[in-house]
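The values are calculated or read from the model by the stated rules, or taken from the named source; none is laboratory data. What you see is a predicted model, and the numbers here were worked out from it, not measured in a lab. Ideal geometry is used to build each Cβ from the backbone, glycine not excepted, and the neighbour counts take in all protein chains shown. Accessible surface is based on the protein model in full, side chains and every heavy atom, while ligands, DNA and RNA are left aside. Shrake-Rupley method; radii C 1.70, N 1.55, O 1.52, S 1.80 Å.
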Amino acid sequence: VGSGYVGLVSGACFADFGHEVVCIDKDGEKIERLRQGIMPIYEPGLDTLVENNARAGRLSFTTDMAEGIAGAGAIFIAVGTPSRRGDGHADLSFVHAVAREIGEKLTNDAVVVTKSTVPVGTGDEVERILSESPATTERGLKVSVVSNPEFLREGAAIGDFKRPDRVVVGTTGSDRAIAVMSQIYRPLNLN
């Protein structure tokens, strides 16, 4: 969720690993341009990566959260966390809003992964939001929360993603979350 720099690069690279990826964004114009192969950012090689994976059917784009997360094993939150005016702390309102929307629309067990740059404690708040959501309270779904920060440099993001010097994954120990994240990053272990 979020098709900006982190979300789009991560989504395209995960698709290139062989996963089926749906990039979700509220900006309809951005999604339409992505469907046409027009990148909203410049990153060397990203246009080709997106085009090849979209053509192969592994990468698609939507503005519809329910459609985008239907059947997903993992849902990555990759929205902006701009600095707040006055105190400079990260504005987590977009992260929290996405967590609430996921909780409203989710129809299957899933792992929710925070990819956005967030301060310590954000995972606890995302977990609280989801634990109070219709997904868990009404539908009884199992939702695990994972932190998976990105370490991407502009201009080298694809290489950084595909050949990282580290991948950090944090969870409270859910066996399902560990298994899902291990499967997602399995291509890196093979290399």
Considering only the range 116-147, state which residues are of a type outside the set (S, T, Y), open to solvent by 60 Å² or more (accessible area, probe 1.4 Å) and assigned to a loop (DSSP other than H, G, I, E, B). P119, V120, E132, E138, R139, K142
Quick count over the range 69-93, residues being crowded, with 16+ Cβ neighbours inside 10 Å and assigned to a strand (DSSP E or B), is 5
Among the residues of the range 5-14, is there at least one that is more than 17 Å from T114 (Cβ to Cβ) and assigned to a loop (DSSP other than H, G, I, E, B)? no
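State the number of residues belonging to the range 1-45 that are among the small types (G, A, S) and farther than 23 Å from I184 by Cβ.
Total meeting the criteria: 2.
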Taking interchain pairs and intrachain pairs at least six residues apart, which have beta carbon atoms under 6 angstrom, with the first residue in the range 118-139 and under 15 Å from T81 (Cβ atoms) and the second assigned to a loop (DSSP other than H, G, I, E, B) and not hydrophobic (A, V, I, L, M, F, W, C)? V118/T81
Subset of the range 148-191 that is touching a Cys at 6+ places or on another chain (Cβ under 7 Å) and open to solvent by less than 40 Å² (accessible area, probe 1.4 Å) - its residue that is farthest from I75 (Cα to Cα): I158
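Considering every residue within the range 171-183, establish whether at least one is part of a loop (DSSP other than H, G, I, E, B) and either under 19 Å from H19 (Cα atoms) or within 16 Å of the chain's Cα centre (by Cα) (or both). Give the steps one after another, and end with the answer.
Keep residues of the range 171-183 that are part of a loop (DSSP other than H, G, I, E, B), which gives 171-174.
Filter once more, keeping what is either under 19 Å from H19 (Cα atoms) or within 16 Å of the chain's Cα centre (by Cα) (or both): 171.
Yes.
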All conditions in (1) open to solvent by 40 Å² or more (accessible area, probe 1.4 Å); (2) modelled with pLDDT of 95 or more; (3) part of a loop (DSSP other than H, G, I, E, B) are true of E104 except (3)
Selection from the range 48-68 of residues that are closer than 16 Å to S10 by Cα and in a helix (DSSP H, G or I): T48, L49, V50, E51, N52, N53, A54, G68
